[in-house]
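Please read the structure below before turning to the comments.
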Amino acid sequence: MARTQNKLTALAIKKLKAHPQKSIKIGDGGNLYFRIDPNGSQYWIFNYTRPYTSKRNEMSLGTYPEMSLEEARKVRDEYKVLIQKGIDPAAQRLQHKHQRKHELDHTFQIIAGKWLEKRAIEKKEDSETIRRLNHDVLPYIANLTFDQLTLEVLEDRIFQPILSRRAYSVAKRLKSDLNQIFKFARKRKLITYNPIEDIELPSSPKKNHAAITEPRELASLVRAVWQYGEVHPRSLIATQIAIKLSLLIFQRPGEIRQLKRSNYERENRYLKFIASKTRQEHIVPLSRQAIELLESIMGIYPDNEYIFVGREGKGCISDNTMNKALERLGFAGKHTVHGSRATARTLLDEVLDQRVDHIEHQLAHKVKDPNGTAYNRTKFLESRREMMQKWADYLESFLEGRDDVSVVPQKDLSLS
């Protein structure tokens, strides 16, 4: 029997030259052809009869030499099997093309971006969410579609690396972020099952925030913090100012580093923002020293919404920046930014003899008065302003070498 397929050889195709005026088409058998045009273009063609319509159709399989003779034959044989099953290869290829486009339009990165766009319209604050996604998620699953994001993939690629570095709080926040994104995808009918709901995270080990509560140790801390820029001259100005301000106003670390220019009311001499724990509006009266620090940094990035701007002028400083600065100063395990709250809570009471309810209001804790009235953001505002100035003056006294903790310092020094 005469051979009807695989008539060509790789050498014969390589030697074939283009005709200056017409295309040359030679057959390999089984409806596979090699074509070379006058301009030198070379490609494979599959010529077949379409199922059901019985019309002839010509498909380009690929260019030569990108597609070899062996590869072209393999595709031809696959298409012939499809035709025997009543499937049109051209229709199937178009379907696959549409499917691929749908996948590219619905990768995790694309859908997460649409979710963030929606939240931006709703005026939601997502700078930290974006930072977590960029650092812990997108490098590993950005181009995967949601049907590829199984429970096992998410555990292996996302959560295990985070847990291995003991970043339990990051894992918890990220689970919440991803849960919202997957719910968004489900509403768009990209998934029917949300695997994030079945992610189980270990409870983070409970530990107290390291805090200095002895005046003489606090004196060493204050002096070290105010010398941070000299000891580490390449550090961000934002970091230098933020760690100073954290001691002066003793608010939660996230509230400090995410302060926006809009939170600073210069004419009223206070900061106003939503407390992260109580979700109530909170007012922080500012001492003279705190105002000087804020004024010293406000002009550095005038077009950025944040006060403590991160590297390259983008976003705010990261969640570990201030604690890393304290570690560089030698206070690892001794004091944290969050610990400054315990420092102020203890020494304002025991050394400066301030009213406990004033202190608790300043810490943005929920406080009830004798009548059972809950926290009022404006209550004791002037008294708290006096207390904050006393606290700033107390810290300032350490900069002139004074360790006498029983004396309330004078108010004519400068911390800037």
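The values are calculated or read from the model by the stated rules, or taken from the named source; none is laboratory data. Please read these numbers as outputs of a predicted model, since none were measured by experiment. Cβ atoms come from the backbone with ideal geometry, glycine included; neighbour counts cover every protein chain shown. Ligands, DNA and RNA are excluded from the accessible area calculation, which covers all protein heavy atoms including side chains. Shrake-Rupley method; radii C 1.70, N 1.55, O 1.52, S 1.80 Å.
Listed by first and then second residue, the pairs with beta-carbon distance under 7 Å, at least 6 apart or on different chains, first residue in region 338-356 and closer than 26 Å to residue 324 by Cα and among the β-branched types (Val, Ile, Thr), second crowded, with 20+ Cβ neighbours inside 10 Å and at pLDDT below 90, form an empty list. Quick check: is even one residue across region 122-136 within 29 Å of residue 168 (Cβ to Cβ), of a type in the set (Lys, Arg), open to solvent by 80 Å² or more (accessible area, probe 1.4 Å) and within 39 Å of the chain's Cα centre (by Cα)? Scanning region 122-136 turns up at least one residue that is within 29 Å of residue 168 (Cβ to Cβ), of a type in the set (Lys, Arg), open to solvent by 80 Å² or more (accessible area, probe 1.4 Å) and within 39 Å of the chain's Cα centre (by Cα).
A count restricted to region 302-323 and to residues that are over 17 Å from residue 271 (Cβ atoms), out of contact with any Cys (no Cβ under 7 Å at 6 or more places or on another chain) and surrounded by 17 or more Cβ atoms within 10 Å (Cβ to Cβ) stands at 4. Residue 32 fulfils the conditions (1) aliphatic (A, V, I, L, M); (2) in contact (Cβ under 8 Å) with a residue 24 or more places away in the chain; (3) open to solvent by 60 Å² or more (accessible area, probe 1.4 Å) except for a single criterion, (3). The sole residue among 174, 221, 163 that is surrounded by 14 or more Cβ atoms within 10 Å (Cβ to Cβ), assigned to a helix (DSSP H, G or I) and in contact with a His (Cβ under 8 Å, 6 or more places away or on another chain) is 221.
In region 141-150, which residues are outside any loop (DSSP other than H, G, I, E, B) and surrounded by fewer than 15 Cβ atoms within 10 Å (Cβ to Cβ)? None - no residue of region 141-150 is outside any loop (DSSP other than H, G, I, E, B) and surrounded by fewer than 15 Cβ atoms within 10 Å (Cβ to Cβ), so the list stays empty. Among residues of region 177-193 being touching a helix residue (DSSP H, G or I) at 6+ places or on another chain (Cβ under 9 Å) and over 15 Å from residue 107 (Cβ atoms), the one that is least open to solvent (accessible area, probe 1.4 Å) is 177.
Summed over region 74-87, residues that are open to solvent by 50 Å² or more (accessible area, probe 1.4 Å) and within 19 Å of residue 5 (Cβ to Cβ) total 6. Residues that are β-branched (Val, Ile, Thr) and within 18 Å of residue 92 (Cβ to Cβ) were ranked within region 35-66; the one that is most open to solvent (accessible area, probe 1.4 Å) is 53. Scanning region 189-218 for residues being under 27 Å from residue 396 (Cα atoms), of a type in the set (Lys, Arg) and part of a loop (DSSP other than H, G, I, E, B) gives a total of 0. Name the residue that is farthest from residue 315 (Cα to Cα), counting only residues in region 98-131 that are modelled with pLDDT under 90, assigned to a helix (DSSP H, G or I) and in contact with a Lys or Arg (Cβ under 9 Å, 6 or more places away or on another chain). If we take residues in region 98-131 being modelled with pLDDT under 90, assigned to a helix (DSSP H, G or I) and in contact with a Lys or Arg (Cβ under 9 Å, 6 or more places away or on another chain), then 129 is farthest from residue 315 (Cα to Cα).
If you check 239, 278 for being among the polar types (S, T, N, Q) and in contact with a Ser or Thr (Cβ under 7 Å, 6 or more places away or on another chain), only one passes: 239.
Scanning region 248-272 for residues that are crowded, with 19+ Cβ neighbours inside 10 Å and either aromatic (Phe, Trp, Tyr) or part of a strand (DSSP E or B) (or both) turns up 250, 264, 270, 271. Looking only at residues in region 253-281 that are farther than 22 Å from residue 210 by Cβ and of a type in the set (Lys, Arg), which one is nearest to the chain's Cα centre (by Cα)? Taking the candidates together, the pick is 260. Residues of region 224-236 that are assigned to a helix (DSSP H, G or I) and either open to solvent by less than 10 Å² (accessible area, probe 1.4 Å) or over 20 Å from residue 392 (Cβ atoms) (or both): 225, 228, 230, 231.
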